[in-house]
1. What whole-number value in cubic angstrom gives the convex hull volume per residue for the C-alpha atoms of region 15-147?
2. Using a basic spin-label model with each label point 7 Å from the Cα along Cα→Cβ, how many nm lie between residue 86 and residue 28?
3. Assuming R0 = 25 Å, can you tell me the calculated FRET efficiency for the pair residue 64 and residue 93, based on Cβ-Cβ distance, to the nearest 0.05?
4. What FRET efficiency comes out for residue 116 versus residue 53 if R0 is 35 angstrom and r is the Cβ-Cβ distance? Round to the nearest 0.05.
5. Straight-line reach from residue 143: which aspartates and glutamates have Cα under 12 Å away, leaving out those fewer than 8 places along the same chain?
6. Set the bar at 27 Å for Cα to Cα. Now go through 97/126; 46/116; 98/127; 88/126 and name every pair that lies beyond it.
Amino acid sequence: MRKLLVFGLIVFSWGFSATAIGYVDTLEVLQSYNKAIAAQADLVQKQQDVQEFFALKQKEYESYVQPDSTEQEIFQIKKELENAVEPKRQELLELNKKLSNEIEEDILVATETISKQLKLDIVLDKKSVLVGGMDITTLVVDKLNNKNK
């Protein structure tokens, strides 16, 4: 009974706390943020470059493999193909990670700035909010895009 009473008091006190909550639709932010759009286009181009390079190396591989090639020779040619493609693949992965980290940091900073301006105590992702809260998505997008001009 005592635990129930304590729980009731905690819930009661939460009900009277004035917490201002906002939320951001991160998918919409990513689709509207100029830097994120440009980064996505850059990554697509780099990925196409890697695929073209791989296709070229694949043709080279096929031209080196002869009907009388031994398994060891085929293995060596495959290894050379993989070694030629790996640095390009790594470069693409590192670029993706770098751009993702930069964009994520930009979004966090802009969201924090807007939340302080609006005196919001908590900002959540829209997917976490069922009811209530203030949508600050447009404000965050505007802040991000104006920052880069």
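Taken together, the values in this text are just the output of simple stated rules run on the coordinates, not laboratory data. Just so you know, these numbers come straight off a predicted model, no measurement behind them. Cβ atoms come from the backbone with ideal geometry, glycine included; neighbour counts cover every protein chain shown.
1. 140 Å³
2. So the label points at residue 86 and residue 28 sit 4.5 nm apart.
3. The calculated FRET efficiency here is 0.35.
4. 0.15
5. Within the straight-line cut-off, residue 143 pairs with 106, 112.
6. On the way: 97/126 24 Å; 46/116 38 Å; 98/127 25 Å; 88/126 36 Å.
As for pairs spanning more than 27 Å Cα to Cα, those are 46/116; 88/126.
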